[in-house]
Protein chains: 2
Amino acid sequence: MGTTQLESVPEPKYWHLKTVLTEALDSEFSVGEILPNERDLAARFGVARATLRQALEQLELEGRLQRRRGVGTTVAPPRVGVAVGTEQHTWPGAAGDAWQPVDSVQAPPPAAVAAALETGADESVHTVRRSRMSHGQQVATELLYIPAASVPGLTAIDAPSGAARARAVLRELQHLPLEGEDRAVELGSARAEDARELDRLPGSPVLVVTTRFFVQGRTAALSVATYRADTCRLTFGESAGVEIHHDPEKRAS
Amino acid sequence: MGTTQLESVPEPKYWHLKTVLTEALDSEFSVGEILPNERDLAARFGVARATLRQALEQLELEGRLQRRRGVGTTVAPPRVGVAVGTEQHTWPGAAGDAWQPVDSVQAPPPAAVAAALETGADESVHTVRRSRMSHGQQVATELLYIPAASVPGLTAIDAPSGAARARAVLRELQHLPLEGEDRAVELGSARAEDARELDRLPGSPVLVVTTRFFVQGRTAALSVATYRADTCRLTFGESAGVEIHHDPEKRAS
């Protein structure tokens with residue numbers, strides 16, 4: 001493919017470039033392949049580096065490209081469907097839970113979490129950190145906030161720290177009669193710590209799933225789970241795993 | 001607040017700047033207020049424009065700022081909870097549906113949609129466009145793909161075009177016995193047409209919700225809904241509307 005001049009296109013240049021790049025990805029590159037550097041790509045398509053960068057960002061948002069630390073920009077594999085909330089009405093840590101406990105600390109939660117849990121502003125809550133793997137890769141990290149009142153039987157003696165402590169907290173939580181849960185999904189940007197765990201750059205787009213667990217009309221626990229937005233498609237419902245890749249520009253032909 | 005020098009910070013500059021900017025947004029600016037231009041902001045915080053822009057992008061991802069065409073960057077109101085899939089097992093267009101039909105055309109769908117619907121590559125399907133309002137603002141746009149086989153009773157005579165046609169298609173769809181549905185949520189970038197409708201710049205981050213509707217084990221209809229990611233929090237479950245604003249950096253104090 002030769003140099004493609006985009007000078008005469010009325011829509012934003014990066015937009016047309018994105019389409020051209022998408023076609024190049026389909027026809028010339030395979031999954032995992034590293035793209036040429038920005039200078040070479042800009043020269044090849046006859047665009048400014050700023051235009052190129054905008055187009056690359058679009059393709060990253062759409063899950064076609066991945067920027068990886070120390071590697072560069074690579075062609076992304078299709079997104080992985082990750083089931084969320086198919087196990088309605090079970091506590092975190094119940095049999096079949098896809099999450100692995102990592103550790104548990106006691107600390108005052110973020111203000112919004114304290115408000116939802118109706119704990120005092122400076123009151124410590126159990127904060128269980130868990131991670132979720134899919135296809136051999138960590139796809140999500142979770143902070144699960146549990147007020148002391150939700151785990152009254154917990155003792156400091158059994159498992160004072162680490163993953164064992166996290167499991168002890170979750171085991172105690174199972175004793176409460178779970179009444180229901182609700183969830184919200186929104187766009188966020190990866191905090192430094194989450195980014196490290198998820199092998200992403202700080203600030204990368206993530207999907208944040210907030211789940212409230214209800215007991216006797218109150219929020220007895222609250223989960224904030226951060227999923228990689230580049231590789232994950234969150235699936236809901238009985239036959240989880242919709243296999244539609246979002247690419248409405250491309251028509252059947 | 002005077003000039004804040006960020007030179008000596010070991011973490012990425014934009015990351016610390018983001019925290020500083022967040023504090024400024026909380027203390028000095030009110031919702032809807034327009035931020036000073038990039039040059040002035042960069043000077044005030046003693047950072048390069050590129051660093052500033054990265055921090056602004058983060059804050060936009062997190063829903064704190066909005067970039068609007070012809071207006072500039074404004075302080076965003078808290079995100080609005082938009083219920084998705086609370087009305088399980090009802091067809092689009094059933095009583096209480098939050099979506100408004102806009103029009104309906106017959107066209108070959110994107111390749112991935114044709115594959116899910118098991119229609120032929122060049123086969124036209126009914127494509128109903130709908131829009132969704134919340135708090136007086138359009139928050140989402142939807143393309144609903146319905147194969148001719150799913151609406152056998154539809155005639156061309158009743159309502160040949162426009163919103164009336166869309167309603168006629170949905171009315172016919174109600175005759176099928178819906179067995180179930182599943183959903184996936186993923187990050188996307190706004191196509192030019194969707195961006196126009198949603199009053200966003202093309203390529204802005206959006207949340208794409210794909211829903212398959214099953215009849216007799218096959219996909220009888222498929223919806224691709226595009227939600228503004230800046231203003232929307234998608235809520236799932238019985239008591240939809242989790243009011244946690246994602247801000248885990250901020251601790252209760």
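Do we find a residue being closer than 23 Å to A:Trp15 by Cβ and either touching a Pro at 6+ places or on another chain (Cβ under 8 Å) or within 14 Å of chain A (Cβ to nearest Cβ) (or both) anywhere in the range B:123-132?
Yes: one or more hits.
Among the residues of the range A:101-108, is there at least one that is under 26 Å from B:Gly85 (Cβ atoms), within 14 Å of chain B (Cβ to nearest Cβ) and of a type in the set (A, V, I, L, M)?
Checked the range A:101-108: no residue is under 26 Å from B:Gly85 (Cβ atoms), within 14 Å of chain B (Cβ to nearest Cβ) and of a type in the set (A, V, I, L, M).
Which of the residues that make up the range A:112-132 are without any contact (Cβ under 8 Å) to a residue 60 or more places away in the chain, touching a strand residue (DSSP E or B) at 6+ places or on another chain (Cβ under 7 Å) and surrounded by fewer than 16 Cβ atoms within 10 Å (Cβ to Cβ)?
Across the range A:112-132, the qualifying residue is only A:Ser124.
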(Q) Regarding the range B:128-136, can at least one residue be identified that is under 27 Å from B:Gln216 (Cβ atoms), of a type in the set (Ser, Thr, Tyr) and outside any helix (DSSP H, G or I)? (A) no
Q.
For the range B:63-111, give me the residue count where each residue is among the β-branched types (Val, Ile, Thr) and touching a residue at least 60 places away in the same chain (Cβ under 8 Å).
A. 6
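Check A:Glu172, A:Glu181 and return the single one that is more than 17 Å from B:Arg64 (Cβ to Cβ), in contact with a Gly (Cβ under 7 Å, 6 or more places away or on another chain) and either part of a loop (DSSP other than H, G, I, E, B) or more than 14 Å from chain B (Cβ to nearest Cβ) (or both). Full working, then the answer.
Numbers: A:Glu181 fails: either part of a loop (DSSP other than H, G, I, E, B) or more than 14 Å from chain B (Cβ to nearest Cβ) (or both).
Going through A:Glu172, A:Glu181 in turn, the sole match is A:Glu172.
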Q | Filter result for A:Arg196 (assigned to a strand (DSSP E or B), surrounded by fewer than 23 Cβ atoms within 10 Å (Cβ to Cβ) and in the same structural domain as A:Pro109 (by the TED database)) | A | no
(Q) Name the single residue that is farthest from the chain's Cα centre (by Cα) among those in the range B:64-83 being hydrophobic (A, V, I, L, M, F, W, C) and over 20 Å from A:Ala190 (Cα atoms). (A) B:Val71
Q.
So, in the range A:39-63, how many residues would count as being more than 16 Å from the chain's Cα centre (by Cα) and within 14 Å of chain B (Cβ to nearest Cβ)?
A. 11
Q.
When you check A:Gly153 against the structure, is it out of contact with any Phe, Trp or Tyr (no Cβ under 9 Å at 6 or more places or on another chain), farther than 20 Å from A:Gly93 by Cα and assigned to a loop (DSSP other than H, G, I, E, B), yes or no?
A. no
Q: Could you list all residues from the range B:199-241 that are at the interface with chain A (Cβ under 8 Å from one of its Cβ atoms) and not in a strand (DSSP E or B)?
A: B:Pro202, B:Gly203, B:Ala229, B:Asp230, B:Glu238, B:Ser239, B:Ala240, B:Gly241
(Q) So for the range A:118-125 (the condition being modelled with pLDDT under 95, in the same structural domain as A:Val206 (by the TED database) and closer than 18 Å to A:Phe214 by Cβ), does at least one residue qualify? (A) yes
Q) Is it true that B:Val75 is away from chain A (no Cβ under 14 Å), of a type in the set (Val, Ile, Thr) and within 25 Å of A:Thr226 (Cβ to Cβ)? A) yes
Q | Identity of the residue in the range A:45-90, surrounded by fewer than 19 Cβ atoms within 10 Å (Cβ to Cβ), under 30 Å from A:Glu172 (Cα atoms) and not small (Gly, Ala, Ser), that ends up modelled with the highest pLDDT | A | A:Thr90
Q | the range B:1-44, subset among the charged types (D, E, K, R) and outside any helix (DSSP H, G or I), residue modelled with the lowest pLDDT | A | B:Glu7
Q.
Which numbered condition in (1) part of a helix (DSSP H, G or I); (2) more than 10 Å from chain B (Cβ to nearest Cβ) is the only one that A:Gly93 fails?
A. (1)
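The values are calculated or read from the model by the stated rules, or taken from the named source; none is laboratory data. Please read all numbers here as calculations on a predicted model, not as lab measurements. Using ideal geometry, Cβ is built from the backbone for each residue, glycine included, and neighbour counts are taken over all protein chains shown.
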